[in-house]
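Since the structure comes first, as structure tokens, the remarks are kept for the end.
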Amino acid sequence: MNSSSAPSIPASAISRIQVGDQLQPFIRRTDFDNWNRYAAVNDEFLPHSMNDEAARREGFPKAFGMGNLQWSYVHSLLRAFIGPDGSILRVDVQFRNPNLREQTVTAHGTVTGIDGTTVSIDLWTQEDEGARLAVGKALVSLPSG
Amino acid sequence: MTVKVGDELPTFTRETGFANWNRYAAVNDEFVPIHMDDAAGEAAGNGGAFGMGNLQWAYLHNMLRSWIGENGEILSIEVQFRSPNVKGQTVTAKGVVTAIDGDVISLDVWTEQQEGTKLAPGSAKVKMGK
Amino acid sequence: MADSNISEAMKAAVGTETSRSTSYPISESDIRKWAMAVYWPDKAPAVFTDPAAAAKTVHGRLVAPEEFNPFAWAAAKNELLLTGGLPSRMVNDPDSSERALGIEGPGLKFMLNGGMICEYGVRMGVGDVITGTNSVGEYSEREGRLGLMLFSRGVSTWVNQNGELVRRTTNTLIRY
Amino acid sequence: MTETYLNDTVINAKGTLCSRSVSYPIEASAIRKWAMAVYWPEPAPQKFMDAEYAPEDFDAFAWGPASYASLLPGDDSSVVVRHGINERALGFPEWKFRAGLNGGMNCTYGVRMHVGDVITDVKSVGEYTERQGRNGLMLITQSISTWTNQRDELVKRTINTGICY
């Protein structure tokens with residue numbers, strides 16, 4: 001876990017951010033509990049996310065979660081960082097590996113650039129062993145001050 | 001429509017499994033391990049995950065609503081959950097008229113699986129839509 | 001073995017609008033439940049569940065999480081702009097996006113969600129009615145661990161009832 | 001071997017009002033999704049898609065109440081009991097059961113629920129009985145849930161039966 005020793009940054013104003021800052025990670029142990037709730041709100045009832053057998057038929061060792069939920073985790077990570085008055089301008093994510101049942105998924109972000117009140121961030125989600133599930137970039141804007 | 005004692009209602013049928021149960025959990029916030037995880041259902045002695053009694057309840061309501069029509073009324077309903085609704089079962093909600101008293105119709109209602117075993121037997125009182 | 005799965009017809013289709021949907025008005029409970037689900041088991045932030053807390057933000061009202069989908073479950077209106085078939089979300093068919101265009105698909109067997117890019121405009125909030133238009137994005141391909149992989153993109157543009165851009169999403173589908 | 005579950009506290013609790021929950025206003029979106037789920041995979045009837053009124057079985061407290069208050073002396077309402085009643089706050093024995101089953105429901109309907117309705121649910125203790133069964137002595141619990149709308153009209157009264165052993 002490469003962020004555990006780094007300082008975590010609360011909802012912020014632009015003046016307190018520096019390149020290299022790590023965002024406070026967003027962590028979830030993932031299982032049917034999370035996926036079925038997500039399916040509930042997004043009407044995304046996929047057999048391979050509800051049923052181990054169905055996932056095995058598709059060649060995966062067990063059920064796996066929606067890319068869309070990784071997407072939400074990344075947004076939750078960004079929202080905590082920007083606070084209620086910041087905005088998310090752009091997010092770009094690729095899904096590299098399936099989020100298998102019972103993995104603990106951690107969403108991380110690192111500040112890579114600051115331009116005026118716009119902050120660029122590298123972000124990713126990883127499982128317990130550190131393998132990256134989703135990787136991407138974001139642009140957010142923070143309140144000045 | 002003239003209703004008489006002994007009339008059977010048009011049935012309501014669903015093949016049941018995670019696809020129905022998780023949708024029901026979605027609207028009822030009923031995310032219980034025994035309903036979404038085979039291992040948890042097995043640990044509870046049901047050989048796998050099984051469906052919510054509340055969904056059997058909803059299926060009985062669906063059947064009644066379609067029979068009584070737009071302006072009908074379900075006055076009361078009562079069921080017992082006798083047997084678990086396990087994955088892959090085809091569940092059918094059925095009803096039969098047992099008595100008529102003025103405009104109040106009494107019914108036996110139940111859900112059964114494909115072999116005819118009753119899962120949730122009960123009774124209801126309804127008024128037909130005018 | 002084909003050198004490319006991208007036909008001339010597929011190239012020509014890039015930019016075509018395929019479908020348009022209009023949402024039901026976004027309600028408080030849609031936002032509340034979305035936030036509860038994606039933050040679970042923690043409590044959802046008050047800005048998504050408490051109109052009074054939300055009123056104190058720059059938005060001045062309850063707004064939805066950025067990734068909220070007002071078309072989940074049902075739309076008030078769905079229009080197919082092409083006659084070839086259903087939008088890809090409705091069926092589990094790797095060729096459905098080409099089928100919708102009335103052209104032949106590459107006939108690949110497997111598909112994966114390759115990722116998405118989203119650009120955000122104004123926030124969605126209670127009462128907003130969103131119109132989403134889907135169009136065909138660029139195709140590309142490359143040799144990878146799963147053989148020749150086809151990358152196709154769908155572009156979805158959402159505007160609110162005032163015609164303001166809410167977001168533009170580019171989804172990448174990987175087929176092999 | 002348990003000889004009886006029914007001590008005086010349990011027997012005398014019958015009829016005790018336990019909690020009052022108030023729902024969020026019912027929204028068209030909740031009615032629509034409920035109907036879509038219970039009719040799935042067929043489309044829900046149009047009247048529910050248009051949210052003319054809610055299906056009878058609709059739960060206005062799914063996904064949580066807007067407010068919850070225990071009516072039991074000494075209970076600080078910190079434990080929100082959605083199903084059944086707060087047996088601990090009632091001072092019932094801390095039974096250790098191997099299984100708890102949904103035994104059944106009995107519901108009497110009044111007026112329909114519509115968009116904008118705010119439902120109040122008052123839960124009370126029903127009859128607790130016991131019976132010798134295959135799995136030993138079973139406790140049969142009843143909780144009663146009475147729903148009224150913002151005009152104080154009865155929406156439904158439900159008796160939930162639980163079986164514990």
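At-a-glance table
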| item | result |
| --- | --- |
| Members of segment D:91-120 that are away from chain B (no Cβ under 14 Å) and open to solvent by less than 60 Å² (accessible area, probe 1.4 Å) | D:GLY91, D:PHE92, D:PRO93, D:TRP95, D:GLY116, D:ASP117, D:VAL118, D:ILE119, D:THR120 |
| Cross-chain or 6+ apart pairs with Cβ under 9 Å, segment C:135-152 first and closer than 14 Å to C:GLY105 by Cβ and in contact (Cβ under 8 Å) with a residue 40 or more places away in the chain, then in a strand (DSSP E or B) and of a type in the set (Val, Ile, Thr) | C:VAL136/C:THR18; C:VAL136/C:VAL155; C:LEU150/C:ILE174; C:SER152/C:VAL136; C:SER152/C:THR172; C:SER152/C:ILE174 |
| Flag for C:ALA72 being surrounded by 14 or more Cβ atoms within 10 Å (Cβ to Cβ), part of a loop (DSSP other than H, G, I, E, B) and within 8 Å of chain A (Cβ to nearest Cβ) | yes |
| Verdict on A:GLU58 being surrounded by fewer than 17 Cβ atoms within 10 Å (Cβ to Cβ) and more than 8 Å from chain C (Cβ to nearest Cβ) | yes |
| Residues of segment C:139-175 classified as farther than 20 Å from C:SER23 by Cα, of a type outside the set (S, T, N, Q) and buried (at least 18 other Cβ atoms within 10 Å of the Cβ), total | 9 |
| Residue that is surrounded by the most Cβ atoms within 10 Å (Cβ to Cβ), among those in segment D:121-137 that are farther than 29 Å from D:PHE61 by Cα and touching a residue at least 24 places away in the same chain (Cβ under 8 Å) | D:GLU130 |
| Residue pairs meeting the criteria (Cβ under 7 Å; at least 6 apart or on separate chains; first under 17 Å from A:LYS137 (Cβ atoms), in segment A:16-39; second aromatic (Phe, Trp, Tyr)) | A:LEU23/A:PHE81; A:PHE26/A:TYR73 |
| Some residue of segment D:111-120 being among the small types (Gly, Ala, Ser) and part of a strand (DSSP E or B) | no |
| Identity of the residue in segment B:13-30, open to solvent by 20 Å² or more (accessible area, probe 1.4 Å) and of a type outside the set (A, V, I, L, M), that ends up nearest to B:GLY102 (Cα to Cα) | B:THR13 |
| Selection from segment A:24-44 of residues that are surrounded by 22 or more Cβ atoms within 10 Å (Cβ to Cβ) and facing chain B (nearest Cβ under 8 Å) | A:PHE32, A:ASN36, A:ARG37, A:ALA39, A:ALA40, A:VAL41 |
| In segment B:11-47, residue nearest to B:ASN85 (Cα to Cα) [restricted to those that are more than 9 Å from chain A (Cβ to nearest Cβ) and acidic (Asp, Glu)] | B:GLU15 |
| Residue that is nearest to the other protein chains (Cβ to nearest Cβ), among those in segment A:45-55 that are hydrophobic (A, V, I, L, M, F, W, C) and either under 13 Å from the mean Cα position of the chain (by Cα) or outside any helix (DSSP H, G or I) (or both) | A:PHE45 |
| Breaking point among (1) farther than 29 Å from C:PRO51 by Cβ; (2) within 11 Å of chain B (Cβ to nearest Cβ); (3) out of contact with any strand residue (DSSP E or B) (no Cβ under 8 Å at 6 or more places or on another chain), for D:GLY64 | (1) |
| Residue list for segment D:36-55, filter: buried (at least 19 other Cβ atoms within 10 Å of the Cβ) and within 9 Å of chain B (Cβ to nearest Cβ) | D:MET36, D:ALA37, D:VAL38, D:TYR39, D:PRO55 |
| Residue satisfying condition, being at pLDDT 90 or above and under 25 Å from D:PRO41 (Cα atoms), within set A:PHE45, A:PHE26, A:PHE32 | A:PHE32 |
| Qualifying residue in segment D:56-74 (condition: free of Cβ contacts under 8 Å to residues at least 24 places away in the same chain, open to solvent by 30 Å² or more (accessible area, probe 1.4 Å), over 30 Å from B:LYS127 (Cα atoms) and not aromatic (Phe, Trp, Tyr)) | yes |
| Filtered residue count, segment B:68-81, keeping only those that are surrounded by fewer than 22 Cβ atoms within 10 Å (Cβ to Cβ) and either modelled with pLDDT of 90 or more or closer than 26 Å to B:PHE31 by Cβ (or both) | 2 |
| C:SER97, sole failed condition from (1) in a strand (DSSP E or B); (2) under 22 Å from C:ALA12 (Cβ atoms); (3) of a type outside the set (Phe, Trp, Tyr) | (1) |
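Residue by residue, here is whether (1) at pLDDT 90 or above; (2) closer than 19 Å to C:GLY163 by Cβ; (3) among the hydrophobic types (A, V, I, L, M, F, W, C); (4) part of a strand (DSSP E or B) holds:
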| site | (1), (2), (3), (4) |
| --- | --- |
| C:VAL47 | no, no, yes, no |
| C:THR57 | no, no, no, no |
| C:GLU66 | no, no, no, no |
| C:PRO106 | yes, no, no, no |
| C:MET116 | no, no, yes, yes |
| C:GLU119 | no, yes, no, yes |
| C:VAL122 | yes, yes, yes, no |
| C:GLY127 | yes, yes, no, no |
| C:GLY132 | yes, yes, no, yes |
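A quick yes/no check of all residues on (1) more than 30 Å from C:SER27 (Cβ to Cβ); (2) out of contact with any strand residue (DSSP E or B) (no Cβ under 7 Å at 6 or more places or on another chain):
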position	(1), (2)
A:ASN68	no, yes
A:PRO84	no, yes
A:GLN94	yes, no
A:ASN99	no, no
A:VAL111	yes, no
A:GLY130	yes, yes
A:SER141	no, no
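The values are calculated or read from the model by the stated rules, or taken from the named source; none is laboratory data. Computed from a predicted model, the values in this text were never measured in an experiment. So basically every Cβ, Gly included, is an ideal-geometry build from the backbone, and we count neighbours across all protein chains shown. Each accessible area value is taken on the protein alone, full model and side chains, heavy atoms only, with ligands, DNA and RNA left out. Shrake-Rupley method; radii C 1.70, N 1.55, O 1.52, S 1.80 Å.
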